[in-house]
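Taken together, the values in this text are just the output of simple stated rules run on the coordinates, not laboratory data. Owing to the predicted nature of the structure, the values given are computational and were not obtained by experimental measurement. Note that each Cβ is placed from the backbone with ideal geometry, even for glycine, and that neighbours are counted across all protein chains shown.
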Amino acid sequence: MMPLLICILVFLLVVFLALILLRTKAEVNPERIDDYLLSSPRTATAAGSSFADRVLLPALHALGEMLAGITPTGALAKIHAKLDMAGNPRNFGPLEYIGARLLSAVVLVPFGLWVVFRVHFDPVIIPWGAGLLLIAVGVWLPDIVLQRIIEYRQTAIRRSLSNILDLLVVSVEAGVGFDGAVQKVVEKKTGPLESELSRVLEQVRVGQSRAEALREMGRRTQVTDLISFVAAVTQAETMGISIAKVLRTQANTARERRSQRAREASAKLPVKLLFPLVFFIFPSLFVVILGPGVIRFVELFKVLGK
């Protein structure tokens, strides 16, 4: 029993470290755009502000460099794209992510093998199941955590898009330029979409065209609604169409899509509730309601049997 308890504690420790390093509170530093941002003083100050940034990230970077030579270039590009979709949590780079995967596998896979071959329980399937579970978690834990962060961030962007578009419409119709309206949104609100818009503004300030900066935002987030908004804005800028009308149309479309997703989610709710109702709630109700009656019937049959 004690070895299994040790394995569970180690597993919980690794999960805790992964959540600390890849937590969803990912903020895009206004001074950081690609390599220029990596050398900014504010980023350097923030990098030394916590134990994770001062100790864990450099250690993971060193582990990642050990495997960088044997990692395909295409794999590094895919990891970088996924980290961009997640908002670059904790300023994670591809090397740090590879180091996290190596650390997770090195810690949990040997424990899984040890549980399989050294821990003896009756039935035998218990150590085999626990060991194989630890091995699978050790190999795929970073991917699972990163994918959850990506999904959470994309959902947050979809939910906030209509409100952001409404603010842009009000600002543009009041006479503020598009870049100024975006700047107002970034100053007044915080969130994943606001962080992406802040990055777009910084890219424009360092000389990149607004259309290309917006397209890169769409590629980074991979949110369909945001990509449609970017396409409409860039097309309006190219053809000379009033940006206020385009923003108004996009805001109405975003609200309709949000309402449609809410209706779809409410329609799926009865199906999702079926499993917990049948297997958890109904049995408990049957025990509470029918239990006393069953006990009385059993006692009655005992008396009659005598």
* Structure fact -> Descending packing, highest mean Cβ count within 10 Å first, for 232-244, 153-165 is 153-165, 232-244
* So if R0 is 45 Å, what FRET efficiency would residue 299 and residue 273 give, r being the distance between their Cβ atoms, rounded to the nearest 0.05? -> 0.80
* Structure fact -> The size of the Cβ-based charge dipole (Lys, Arg +1; Asp, Glu -1) of region 157-259 about the Cα centre, to the nearest 20 debye, is 280 debye
* Structure fact -> Summing +1 per Lys or Arg and -1 per Asp or Glu among the other residues with Cβ less than 12 Å from residue 263's Cβ gives +2
* Quick one: of 189/245; 82/189; 78/272; 188/245; 82/188, which pairs are farther than 30 Å apart, Cα to Cα? => 78/272
* Between residue 133 and residue 282, 0.36 nm times their residue separation minus their Cα-Cα distance comes to what? -> 50.6 nm
